[in-house]
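The values are calculated or read from the model by the stated rules, or taken from the named source; none is laboratory data. Just so we're clear, the structure is a prediction, and the values are computed from it rather than from any experiment. Glycine gets a Cβ as well: all are built from the backbone with ideal geometry, and neighbour counts include every protein chain shown.
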Amino acid sequence: MPGKRSQIGWAAAVVLGLAYAVFGAYHLSPWAAAWDEVDFVLALDRFDLLAMQPHAPGYPYFILGGRLMRFITEDPVRALGLWNLLLVCSSAYPIYRIARRWTAPVYACLAVALTLTLPMNWTLAVRPMSEGAALAILWWYLWTLVRVCEKGTGGRWLAAAFMFGLLMGTRLSYAPFGLGLLLVWILAWREREVSLRLRYSRAILWAGAAAAFQLLWVAGLAAAEGGIRGTMVLMAGFGEGHFTQWGGGVAQSGLPFRERFVRFVADNWLWSGMSAQSALLAVMAGLLAIAALVMYGKKKSRAVAHPKRREQMLTAAGLIAACALAYAVWALLGQNIAKPRHAAPLASLTIFALGVWAVRSRTRTVTALAVLFAAGQTAIGAHLVMLQHDQWPAVYQLADRLKDHPAPRTVVYTWEEERVLRYLNVPVQTVPIFTYEYFMADIAAQPSSRILLTGSVWEEFRRQSGLPESKVRLVGVFRSDPRLDPVYGTIPLYEWNREQ
C-alpha cells in the first residue's frame, strides 16, 4: 500500500506539473508594455546594444533562448514568454532536490507547488521579461551550490560556476548571489584534511573556471558589437546611468532611507512579492507560520541521524540565506524601489523557506494549512496570469487613443511610455521629456501643434515649476491592474493650454 500511494502521489505531481505548463503556454502574455520588454522583443530581430535592442548588459542567454523559441512561434513577445515558461517548469527539479535535503518527497513536492505558484512570479514566468528565466536559473544555481557544500568535487564546482555564468548572462542584477561561489570557495580552502598544495591548485583552477564562464557571455557580446572595447564602453555608460540618473536606487529616488526600507520590505517583498496584494494570502501565510511555530513547540522535529549530515544541512541553509541577504541589500540600495519585481527572488526564497520549515513539523494541521495555502496561491496566481493575458495594458490603451490624432498636428510628451508608443507605431510624434525649461523651448518652436502630456510628465513639471491645474485639460485616463504594472498601470493624458 505505501508503494501504491507513492505511485499515485508521483502521478498526481506529474499531472499537476503538466497542467501548470499547458496553462502557462495558453496564457503567454501577448504584450510588450514596458521599456525593457520592448528592448528584449526588438533584440530578437536585431541585436544591437547601441540601439538598446536590448539595453546593456545585453542579456545574451535570454535573447538566445527567445530566438530558439522562434522556431515554435513567430511572435517575438510570446517566444520570450515561452522561453521563460520552459525554464520555470524545469526549475521544479532543483527546487524539489533542495527541499529533499530537509523533508520527505511528498512535502518537497508541496514546497515546489508553493514556490512555482507564487502569483507575481507566476506572471513573470509568462511575459517577455528576463526575470522569469533568471528566477529559474537561480534555482538551478542554488542547487549546484548545495551539492558543492555536500561534496566539494571539481565537477560540482564547475557545474555551479557554469550555472552562475548562465545566470549573469541572463540577468546581471542577480550578481550578489555570486557570494555563494565565494563562500563555497572559502569553505573548500579551509578543509584541513586536504594538503596545502592541493588547496592552492584547486583554488586557482576553480577561480579560473568561474572567470572563464563569465568571459564566455562577455566575449559573445563583444563579437556581436564589434569589439570588447566598445562593449565595455556601452556597459560602463549603462552602469553610470543606472546609478546616477534613472536607476531608481537610493541615490536618485529621493526617499528617506527609513521610508525606502519599509517600502521595500513591507510592500515590494511581502505585500506585493509574496501576497500579490491579497489579504487572504497574507493571512494564510501568517497562519501557516504561526501553526508551524506552535507545533514545533509541542513536538520536536525528528533529529538528523548523522551529525555530519546535520552540519551539511545547516551549511546549505546558511549559504542560501547569505546569498539572499546579499541580494536584499543590493535590491534595497541599488534597484528601482518603484518596481516590486526586483524583490522577486526574495519572495521566492521566502515562500520556499516557509513551506519547507512548516511541513517539517509533519503534523496534519500544518500540512492541511500548507495545502490550502498552495491552493489559494494557485487560484489567485491563475487569475492574475489570465488577467495579464486578456487585459490591455494602460499604455496600449493610450496608443489606441492616440491613433485618433493625425501626426502633423499632435505631439505627445512622455517618459518611459515613449519607448512602447514608438514600438506600437502610433501616428503621432512622441517626445521623451524631463525638464520644464526644455519643454517650453520645444513647444515654442511648434506653435500650431496640439500638445499632449502624460501624467508622469505633468506631475514632474508641477514639481519643478509649481504650475497651476489650469495649464492643462484632462483628456482621458487609461488603467490596467497595478499589480501587473505598478509604475504605468494608470496613465492620465492631458492637453496643454497655451493660453493660460
Margin query: Among the residues in region 375-392, are any over 30 Å from Leu288 (Cα atoms) and in contact with an Asp or Glu (Cβ under 9 Å, 6 or more places away or on another chain)?
Written below: yes
Next item on the list: Scan region 71-82 for residues that are buried (at least 19 other Cβ atoms within 10 Å of the Cβ) and of a type outside the set (Val, Ile, Thr) and report the count.
Entry: 6
Check: In region 56-70, what count of residues is obtained for those that are closer than 21 Å to Glu416 by Cβ and either surrounded by fewer than 22 Cβ atoms within 10 Å (Cβ to Cβ) or not assigned by TED's automatic domain parsing to the domain that holds Tyr174 (or both)?
Finding: 1
Check: Tell me, which residue of region 488-500 that is under 25 Å from the mean Cα position of the chain (by Cα) and surrounded by 18 or more Cβ atoms within 10 Å (Cβ to Cβ) is modelled with the highest pLDDT?
Finding: Ile491
Checklist line | In region 323-363, the residues that are closer than 14 Å to Tyr107 by Cβ and charged (D, E, K, R) | finding: Arg360, Arg362
Next item on the list: Confirm whether Leu221 is at pLDDT 75 or above and over 26 Å from Gly154 (Cα atoms).
Entry: yes
Notebook entry, point to check: Of all the helices (runs of 4 or more DSSP H) wholly in region 407-483, which have at least 3 residues that are under 33 Å from the mean Cα position of the chain (by Cα) and at pLDDT 90 or above?
Noted result: 417-423, 455-465
Margin query: If I filter region 361-373 for residues that are crowded, with 18+ Cβ neighbours inside 10 Å and not in a helix (DSSP H, G or I), do I get at least one hit?
Written below: yes
Next item on the list: Quick one: in region 32-55, of everything that is in a loop (DSSP other than H, G, I, E, B) and small (Gly, Ala, Ser), which residue is surrounded by the fewest Cβ atoms within 10 Å (Cβ to Cβ)?
Entry: Ala51
Margin query: List pairs: first residue in region 461-474 and farther than 11 Å from Tyr494 by Cβ and surrounded by 12 or more Cβ atoms within 10 Å (Cβ to Cβ), second residue at pLDDT below 90 and of a type outside the set (Phe, Trp, Tyr) anywhere in the structure, Cβ distance under 8 angstrom, at least six positions apart or on different chains.
Written below: Gln464/Thr435
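What number of residues in region 381-405 are in a loop (DSSP other than H, G, I, E, B) and closer than 17 Å to Thr123 by Cβ?
3
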Checklist line | Within region 74-132, helices (runs of 4 or more DSSP H) holding 2 or more residues that are of a type in the set (Ser, Thr, Tyr) | finding: 92-99, 105-116
Check: So Gly65 clears everything in (1) modelled with pLDDT under 95; (2) under 26 Å from Ala219 (Cα atoms); (3) over 14 Å from the mean Cα position of the chain (by Cα) except one condition, right? Which one?
Finding: (1)
Next item on the list: With the checklist (1) in contact (Cβ under 8 Å) with a residue 60 or more places away in the chain; (2) buried (at least 18 other Cβ atoms within 10 Å of the Cβ); (3) more than 19 Å from Ala285 (Cβ to Cβ) in hand, flag the one item Trp392 doesn't pass.
Entry: (2)
Notebook entry, point to check: Of (1) farther than 30 Å from Arg341 by Cα; (2) crowded, with 18+ Cβ neighbours inside 10 Å; (3) touching a Phe, Trp or Tyr at 6+ places or on another chain (Cβ under 6 Å), Trp458 satisfies all except one. Which?
Noted result: (1)
